[in-house]
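**Student:** Before I ask anything, let me first share the structure, which is written out below as structure tokens.
The values are calculated or read from the model by the stated rules, or taken from the named source; none is laboratory data. All values reported here derive from a predicted model rather than from experimental measurement. Methodologically, a virtual Cβ is constructed for each residue, glycine included, from the backbone with ideal geometry; neighbour enumeration extends over all protein chains shown. Surface accessibility is based on the protein's heavy atoms, side chains included, excluding ligands, DNA and RNA. Shrake-Rupley method; radii C 1.70, N 1.55, O 1.52, S 1.80 Å.
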Amino acid sequence: MKIAMISFTGNGRRLERSLAHELEKEGHQVLQAVKCKELESDKDAVKCSAREWTGEQFRTRDVLIFIGAVQIAVRLIASFIGSKTTDPAVLVLDEKGQYCIPILSGHIGGANEMAERIAEMAGALPVITTATDIRGKWAIDVFARKNHLYIEDMQKAKQISAKILEGKTVVAAIESGRDSIEGTVPEEVKIVPETYENPDIYIGIYERKLSSHVLRLIPQRITVGIGCRRGTSAEQIEQLVDKILKESHINKKSIGRIASIDLKKDEEGLLIFCNKYNIEPEFYPAEELKKVEGEFSVSTFVKKVTGVDNVCERSAVYTGGTLRIRKQAENGVTAAFAWDNWRVKFE
């Protein structure tokens, strides 16, 4: 994860360095900063205002950690808060490392989980206040985040949480039923087949007519491989992708990756299409795509131009998925879909 930390005192700075070292050992990218008059010579001293620094990190980081007073952190993040589905996790530690408090994106952003980890590193007490956590109940937003499930309607998710806190059981219909499950299902959840008529939750990639109260959780497991002529517009790409989705009755939110050959890494239409759906495109060199095993549609023209006989199918499969929808072409665009049998895990 991309983590940004800022401290405001000498004691806080020492704690910050120690925590950053531990987090980096776990593979996180950590940006350190200090805003303190006595530490202006520090190599990580912030030259701009703390608010400007916060705004930049809020847009680009997964986690923000403030080492100082909660009030300072609240004031600094206040004007940048948007949605619990997009805001980063925000945590606060006191300068002595006694308490670690998640103050934003506790579940979806992972602030609660990170607070427990940071507290362990610092020898601090994690202060968790979300109702499902303090009651030891199943949290649907945590479950969704850990399983890469898109929550279609946050209001319905809140209603599910409220039902659980009332001591009621929620019914979850899952594509392929129990074959799609790992771990122990919590007592708050009853699993039923996907054909169940009136569940509270439906988990799956396919579109299905459901009652208005049902919450959809959509596994974002599909990789779309794209090939296109130079100068192809985003609208042309989207037109073909939407056509395939509609014909296959697949929910668009199930797309988790978009891939192509590295020759297309500067293709404006493709980049605009990916940006519209907030998906970072993945590009692979021809030599890597050639190594992908399987039976693919062959084009001598494509091979002459790119060095590989098929771009969209090989790109879709490269990340390890199984080719499910073979190459389709329209208006200078080719697209193919790949995914593996997905499973959700209960802990």
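**Student:** Give region 295-312 a look and list any residue that's modelled with pLDDT under 90 and either of a type outside the set (A, V, I, L, M, F, W, C) or in a helix (DSSP H, G or I) (or both), or say none.
**Tutor:** Those that are modelled with pLDDT under 90 and either of a type outside the set (A, V, I, L, M, F, W, C) or in a helix (DSSP H, G or I) (or both): S297, S299, T300, F301, V302, K303, K304, V305, T306, G307, D309.
**Student:** Further question on the same structure: So which of A78, A119 ends up being among the aliphatic types (A, V, I, L, M), free of Cβ contacts under 8 Å to residues at least 24 places away in the same chain, in contact with a Pro (Cβ under 6 Å, 6 or more places away or on another chain) and more than 21 Å from V344 (Cβ to Cβ)?
**Tutor:** Result: A119 is the single residue among A78, A119 that is among the aliphatic types (A, V, I, L, M), free of Cβ contacts under 8 Å to residues at least 24 places away in the same chain, in contact with a Pro (Cβ under 6 Å, 6 or more places away or on another chain) and more than 21 Å from V344 (Cβ to Cβ).
**Student:** What do you reckon, is A69 surrounded by fewer than 13 Cβ atoms within 10 Å (Cβ to Cβ), over 16 Å from G109 (Cβ atoms) and among the aliphatic types (A, V, I, L, M)?
**Tutor:** Criteria not met by A69.
**Student:** Anything in region 33-61 that is farther than 16 Å from L104 by Cβ, among the hydrophobic types (A, V, I, L, M, F, W, C) and touching a residue at least 24 places away in the same chain (Cβ under 8 Å)? List them, or say none.
**Tutor:** A33, V34, C36, L39, V46, A50, W53
**Student:** OK, next. Pick out the one residue from T60, T85 that is under 18 Å from L31 (Cα atoms) and either at pLDDT 95 or above or open to solvent by 50 Å² or more (accessible area, probe 1.4 Å) (or both).
**Tutor:** T60
**Student:** Checking the conditions here, which among E330, E313, E287, E293 is surrounded by fewer than 19 Cβ atoms within 10 Å (Cβ to Cβ) and touching a residue at least 40 places away in the same chain (Cβ under 8 Å)?
**Tutor:** E330
**Student:** From the list A316, A338, A329, pick out the single residue that is at pLDDT 90 or above, in contact with a strand residue (DSSP E or B) (Cβ under 6 Å, 6 or more places away or on another chain) and part of a strand (DSSP E or B).
**Tutor:** Only one candidate passes the filter, namely A338.
**Student:** Out of region 45-95, which residues are touching a helix residue (DSSP H, G or I) at 6+ places or on another chain (Cβ under 9 Å), under 15 Å from K35 (Cβ atoms) and among the hydroxyl-bearing types (S, T, Y)?
**Tutor:** The one that is touching a helix residue (DSSP H, G or I) at 6+ places or on another chain (Cβ under 9 Å), under 15 Å from K35 (Cβ atoms) and among the hydroxyl-bearing types (S, T, Y): T54.
**Student:** List pairs: first residue in region 167-191 and of a type in the set (S, T, Y), second residue in a loop (DSSP other than H, G, I, E, B) and surrounded by 14 or more Cβ atoms within 10 Å (Cβ to Cβ) anywhere in the structure, Cβ distance under 8 angstrom, at least six positions apart or on different chains.
**Tutor:** Short answer, once both residue conditions are applied: T169/E188; S176/E194; S180/W342; S180/R343.
**Student:** A further question on this structure: Looking only at region 245-284, which residues are in contact (Cβ under 8 Å) with a residue 40 or more places away in the chain and open to solvent by 90 Å² or more (accessible area, probe 1.4 Å)?
**Tutor:** Selection gives H249, R257, K276.
**Student:** Within region 162-190, track down each residue that is open to solvent by 20 Å² or more (accessible area, probe 1.4 Å) and among the aliphatic types (A, V, I, L, M).
**Tutor:** Scanning region 162-190 gives A162, L165, V171, V185.
**Student:** So, in region 168-195, of the ones that are assigned to a strand (DSSP E or B) and β-branched (V, I, T), which residue ends up nearest to Y206 (Cα to Cα)?
**Tutor:** I174
**Student:** Test D242 against the stated conditions and say whether it is open to solvent by less than 60 Å² (accessible area, probe 1.4 Å), among the acidic types (D, E) and without any contact (Cβ under 8 Å) to a residue 24 or more places away in the chain.
**Tutor:** So D242 passes the test.
**Student:** For region 141-161, name all the residues that are surrounded by fewer than 17 Cβ atoms within 10 Å (Cβ to Cβ), in contact (Cβ under 8 Å) with a residue 40 or more places away in the chain and basic (K, R).
**Tutor:** K146
**Student:** Oh, and also: For a quick check of your reading: which strands (runs of 3 or more DSSP E) sit entirely within region 210-292 and have at least 2 residues that are of a type in the set (G, A, S)?
**Tutor:** Qualifying strands (runs of 3 or more DSSP E): 222-228, 255-261.
**Student:** Quick one: which residue in S180, S161 is out of contact with any His (no Cβ under 7 Å at 6 or more places or on another chain) and modelled with pLDDT under 90?
**Tutor:** Just one listed residue meets the conditions, S180.
**Student:** Quick one: how many residues across region 204-226 are open to solvent by 10 Å² or more (accessible area, probe 1.4 Å), in contact (Cβ under 8 Å) with a residue 40 or more places away in the chain and not basic (K, R)?
**Tutor:** 4
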